[in-house]
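*Asks:* I'd like to ask you about the structure that follows.
The values are calculated or read from the model by the stated rules, or taken from the named source; none is laboratory data. What you are looking at is a predicted structure, and each value in this text was computed from that prediction instead of being measured. Cβ placement follows ideal geometry from the backbone for every residue including glycine, while neighbour counts extend to all protein chains displayed.
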Amino acid sequence: MKPTIHRREPNTALMGTSEEILILTDGRILAHNLTPAMAAVLLELNPNDERMRQRAMVMDEESNGPHEFRAGS
Amino acid sequence: MMCDTVKDSVARCHDRRAVARERVILAQAALSDCRLCPQNCGIDRLAGETGWCRAGATARVFCAQVEVGEEPELIPTFAIAFSGCDMRCAFCITGQDSWNPQRGGVFDARSIAGKAAAALEAGARTVTIRGGEPTIHLPEAIRLVAALPSRARLVWKTNAYMTSQARALLDGLFDVWVADYKFGNDSCAKRLAAIVDYQRPVQETLLWAGARTELIVRHLLMPGHVDCCWEPVACWMARNLPAAKISLRCGFWPAWKARQHPELRGPVGAADIQRALEIAQCYKVQFIE
């Protein structure tokens with residue numbers, strides 16, 4: 001089975017937000033342009049991932065645009 | 001009373017912005033006979049001519065956001081990605097935007113600097129300028145440096161494929177260079193990225209950056225390229241830049257046109273990763289994480 005790439009297309013009105021994840025058939029998830037929001041989502045999938053926990057850090061909502069949110073909120 | 005270190009830092013940042021304002025003029029002039037990358041096209045981009053990278057005089061941006069996927073010491077970072085590139089990596093994860101300088105929105109230094117300042121205020125530790133390859137948009141990248149808050153810790157993320165002219169224009173403007181060393185030989189660079197003379201300019205850039213600034217060298221581990229690419233990279237780094245931080249990226253995926261190359265049709269396997277780590281141990285490579 002071909003891996004599926006989930007892509008959020010750039011929004012030029014916001015001067016671009018873009019992130020991608022690739023879910024492999026063996027269950028691994030690769031991420032590109034990882035935002036705090038996506039890090040928070042991936043942390044939910046594996047709460048024991050300490051490296052992801054460090055990346056899912058709190059950022060101010062306004063600085064990130066509407067696609068972002070506070071991790072843990 | 002400010003301590004000397006803080007005063008030095010503040011003075012350096014003010015100098016940086018002033019230097020950047022002067023460099024913008026020089027970088028803009030360089031576009032009239034563009035030799036920023038080793039393709040040495042020599043075309044007049046200010047007159048509308050385009051060369052190898054197809055970039056004109058106007059820079060565009062396809063991504064500007066807070067990210068946390070970089071090396072831990074750099075995150076969170078406000079990352080700005082310029083459209084267009086001077087390499088043609090078949091596996092480029094942002095191929096659509098990186099191969100096409102017309103993608104994204106028109107770059108506006110003041111607007112982007114405002115967003116970066118807001119991100120820094122909210123807790124971002126660094127501002128990263130990248131692409132595509134930002135070197136081909138040097139005037140606008142430097143214009144952004146001049147507009148960014150003086151307290152910003154600036155990261156130049158590059159493929160290292162540039163000329164001495166480009167390096168001179170960048171000298172002293174960035175706190176950290178994150179530079180790719182993608183291929184361990186010119187043959188793989190030619191086949192996978194359409195670059196004929198890869199090793200020489202990239203090694204020159206790495207040596208130059210390593211002598212002037214904090215340098216993180218990235219190598220994206222590619223399936224089937226452990227011995228031909230990673231091993232020579234690890235060897236060269238051990239001999240020439242033993243103190244540089246190395247970031248071995250194992251998250252390759254078959255993006256863009258990668259599937260045109262049989263060995264690049266899947267992710268990096270466990271055996272390749274194990275072999276890469278053995279090579280790293282052999283050369284006493286110190287990974288950043």
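Table: residues versus (1) on the phi < 0 side of the Ramachandran plot; (2) in contact (Cβ under 8 Å) with a residue 40 or more places away in the chain.
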site: B:Gly48; (1), (2): no, no
site: B:Thr58; (1), (2): yes, yes
site: B:Gln65; (1), (2): yes, no
site: B:Phe78; (1), (2): yes, yes
site: B:Ala81; (1), (2): yes, yes
site: B:Cys85; (1), (2): yes, yes
site: B:Cys89; (1), (2): yes, yes
site: B:Ile93; (1), (2): yes, yes
site: B:Asp97; (1), (2): yes, no
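*Asks:* Go through (1) closer than 20 Å to B:Gly56 by Cα; (2) of a type in the set (A, V, I, L, M, F, W, C); (3) away from chain A (no Cβ under 11 Å) and name the single condition B:Phe107 misses.
*Replies:* (3)
*Asks:* So B:Glu67 ticks every box in (1) crowded, with 16+ Cβ neighbours inside 10 Å; (2) over 26 Å from B:Val217 (Cα atoms) but one. Which box is left unticked?
*Replies:* Status for B:Glu67: all satisfied but (2).
*Asks:* Identify, please: which residue in region B:186-202 is crowded, with 16+ Cβ neighbours inside 10 Å and out of contact with any Lys or Arg (no Cβ under 6 Å at 6 or more places or on another chain) and is, among those, nearest to B:Ser247 (Cα to Cα)?
*Replies:* The residue in question is B:Val202.
*Asks:* Next question, about the same structure. Pairs, please: C-beta under 9 Å, at least 6 apart or cross-chain, first residue in contact (Cβ under 8 Å) with a residue 40 or more places away in the chain and in region B:179-192, second of a type in the set (Asp, Glu)?
*Replies:* B:Gly184/B:Asp227; B:Gly184/B:Glu231
Yes/no per residue for (1) surrounded by 14 or more Cβ atoms within 10 Å (Cβ to Cβ); (2) modelled with pLDDT of 95 or more; (3) not hydrophobic (A, V, I, L, M, F, W, C):
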{"position": "B:Asp4", "(1), (2), (3)": "no, no, yes"}
{"position": "B:Asp8", "(1), (2), (3)": "no, no, yes"}
{"position": "B:Arg35", "(1), (2), (3)": "yes, yes, yes"}
{"position": "B:Cys41", "(1), (2), (3)": "yes, yes, no"}
{"position": "B:Leu46", "(1), (2), (3)": "yes, yes, no"}
{"position": "B:Thr58", "(1), (2), (3)": "no, yes, yes"}
